[in-house]
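Reviewing the structure listed below.
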Amino acid sequence: MVRSEAQPAGPPRIAILFSQFGAFHVDRVEAAARRLAGRAEVLAVEYAPSSATYAWEPAQGFDAARHISLFPGRSYETIGRRELFGAARAALADADMVCVGVPYSEAHMIALSWRLAAAGKRMVMMTESKFDDFPRALWREQAKARLLAPYRAAIVGGPRQRDYVRFLGFGKKPILPGYDTVGCARIRRQAGVPSRPWSTRDFLYVGRFVSKKNLPALLAAYARYRDLSPVPPRRLILVGDGELAGDMQASAGEGVVFTGFLRAEDVARRIGNALALCLVSTVEQWGLVVNEAAAVGVPAIVSTPVGARDVLVRNGVNGFVVEPHSVEGIARAMLALAADEGEWRRHSAATAARAGFGDVERFADAIETLIFPDSADAAAERIAAFWHAATEA
C-alpha cells in the first residue's frame, strides 16, 4: 500500500472506527492487531465511551491495538457533527486504510468518507445492513450508492449483506465476510464450565426490550409451549432492558423471569447454561448473541429476518428458523429442543461445529486480505470456506 507524501514511512497503519466500543468490538480489533503484529499497526478509534443506545461498560482489554477515544467522558449523542468530523479527520490523518463501523448514513460520516478518500486513504465500509431490513425506495438507494462512492471495499456480515452491498454499487469491489463476529474464546472463558444439566436448562432471550425484538410474540409462543409440554415446562429467562420492559413484565405469564441488564460476564454464564437462545425479531441485521450462543454450543431459535441465521443456524440441524409471527412455529421449536436430551445434544454439537464462522478470526482474515492481498492465501481460503458454508443447504 502506498502512503501519501505527508505520511511518515513505516508499516501500514489501519484505523478501525466505531462510535463506541463494546466487548465484541475490542475482540475484532485485537484479533486484527494480533494477526498483523510486526507487519502493520492497528488503531482502535472510538468517538466516545458511552451512548444512549447501548449501556456497555467502557472498553478495555486492548493489548495489540492502540486505543484512541476521541471524546473521553462523553456520550456519543452529545457530540456535534462538526466536532465528530474534525476529531476523526485529525485522528485518522496518518492512516493508510480506514475501516468504518459508524453508520454510513450519518451526515458527518458522509463528509468524512469523501474527505479522507480525497486525502488518499483507502476507505472500507463495514456493515450488517441487508435489503430486507426495511422497505426500500429505489431513488433513495440510488442516491445512497452515489454517497458510498469513496469506499473501495466492504466487510459485511453474510450473504444477504453481501447482496445488498453489491446492489449499492460494490459489484467490482472486494466484499469480505467477518464484520459480525465475536471472540469465541472470550465467551467460553467468561461462560466457564456449565453447571446446569440438560434437565434444568431454560430458554433464554438476551437483548434490548424494543419493538423490533418481537417480544410479545415470544411471550405468546412460550405460553403456547407450556400448554403443549407433556412434562413440567422450562422457564423463559429474559436478559436486558429497554423502553418496553414495563409492558413485557406486566404481560408475562407463569415461568417468565426478568433479570434486567447484566454485565458481559454474567450474560456469558447465562448463555452457557441455557437450553436454547430465542431471537425472533421482526428486524435484525445480524444478532451477535447468536454467535455467543454458538461459541458455547447452545442451539438457537431464530426468525427469518435474523442475519446470523444465514451462516450459523441450519433449520432442524443445529437449531430452528421460524417465521417471526408464527406463535405456533416458535412454540413447537421450543418443544422439540426441550423434549429429548439426545436430540438436544445433537443440535448442540452441530452448533459448536459452526461457531468458527462467527469468530473474530474471520474479521482478521478480512483485514489481512485487504492490506496484504498478495500474501494472505490462507485467509483467502478461509473466506471462500465461509461463503460456501453460508450458501450450502
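At a glance:
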{"read-out": "0 to 90° range, to nearest 10: angle between helix 107-118 axis and the chain longest Cα axis", "value": "40"}
{"read-out": "Amide H partners (placed H, <5 Å) of Asp180, local residues excluded", "value": "Gly157"}
{"read-out": "Fraction of antiparallel bridges per DSSP, the chain only, in percent to nearest 5", "value": "0"}
{"read-out": "Tilt relative to the chain, helix 138-147 - C-alpha long axis, 0 to 90 degrees, to 10", "value": "40"}
{"read-out": "Note, ³J(HN,Hα) from phi for the stretch 156-164, Karplus 6.51, -1.76, 1.60, rounded to Hz, x at Gly and Pro", "value": "10, x, x, x, 5, 5, 4, 4, 5"}
{"read-out": "The chain, helix-only ellipticity at 222 nm - DSSP H runs n ≥ 4, -39,500 (n - 2.57), divided by all residues, nearest 500", "value": "-12000 deg cm²/dmol"}
{"read-out": "Rg [Å, one decimal], Dmax [Å, integer] - the stretch 230-347, C-alpha atoms", "value": "13.9, 39"}
{"read-out": "C-alpha center-to-center spacing [the stretch 173-206, the stretch 301-315] in angstrom", "value": "14"}
{"read-out": "Exposure of Glu368 as accessible area (Å², to 10), given a probe of 1.4 Å and all protein chains", "value": "20"}
{"read-out": "Amide N proximity, the stretch 333-372 versus Ala185 label position 7 Å along Cα-to-Cβ, cut-off under 20 Å", "value": "352-369"}
{"read-out": "Phi to ³J(HN,Hα) by Karplus 6.51 cos²θ - 1.76 cosθ + 1.60 over the stretch 240-254, Hz, x for Gly, Pro", "value": "x, 7, x, 5, 9, 4, x, 5, 5, 5, 6, 9, 5, x, 5"}
{"read-out": "Label-point gap, in nm, between Glu343 and Glu381 - each point 7 angstrom along Cα→Cβ", "value": "3.9"}
{"read-out": "Ranking by accessible area, most exposed first, for Asp247, Asp96, Asp374 with a 1.4 Å probe", "value": "Asp374, Asp247, Asp96"}
{"read-out": "Accessible surface of Glu292 - all protein chains present, 1.4 Å probe, nearest 10 Å²", "value": "30"}
{"read-out": "Span from the the stretch 135-155 Cα centroid across to the the stretch 227-264 one, whole angstrom", "value": "39"}
{"read-out": "Correct option for mean projected area of the Cα convex hull in nm² [calculated from the coordinates] among (i) 19.0; (ii) 25.5; (iii) 27.1", "value": "(i)"}
{"read-out": "Distance violations [Cα-Cα > 27 Å] among Lys173/Lys213; Lys172/Lys213; Lys121/Lys144; Lys172/Lys212; Lys144/Lys212", "value": "Lys173/Lys213; Lys172/Lys213; Lys172/Lys212"}
{"read-out": "Choice from Gly260, Gly207, Gly356 showing the highest fluctuation, given a GNM over the chain with Cα pairs closer than 10 Å", "value": "Gly260"}
{"read-out": "FRET efficiency for Arg89 and Arg263, using Cβ-Cβ distance with R0 set to 51 Å, rounded to 0.05", "value": "0.90"}
{"read-out": "Ranked order, Trp56, Trp286, Trp387 - accessible area, probe 1.4 Å, largest first", "value": "Trp56, Trp387, Trp286"}
{"read-out": "Fraction of the pair-distance distribution of the stretch 3-123 above 24 Å, Cα-Cα pairs, percent", "value": "24"}
{"read-out": "Under Karplus coefficients 6.51, -1.76 and 1.60, residue-wise ³J(HN,Hα) of the stretch 31-45 in Hz, glycine/proline x", "value": "5, 5, 5, 5, 4, 9, 3, x, 10, 7, 9, 10, 9, 9, 10"}
{"read-out": "Stokes-Einstein D (µm²/s) once Rh is taken as the Kirkwood radius of the stretch 82-195 over alpha-carbon pairs, at 10 °C in 1.306 mPa s", "value": "102"}
{"read-out": "Per-residue SASA entry for Tyr76, accessible area with 1.4 Å probe, Å² rounded to 10", "value": "30"}
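The values are calculated or read from the model by the stated rules, or taken from the named source; none is laboratory data. It should be emphasised that the depicted structure is a prediction, and the values quoted were computed from it without experimental measurement. Note: ideal-geometry Cβ built from the backbone for every residue, glycine included; neighbour counts use all protein chains shown. Each accessible area value is taken on the protein alone, full model and side chains, heavy atoms only, with ligands, DNA and RNA left out. Shrake-Rupley method; radii C 1.70, N 1.55, O 1.52, S 1.80 Å.
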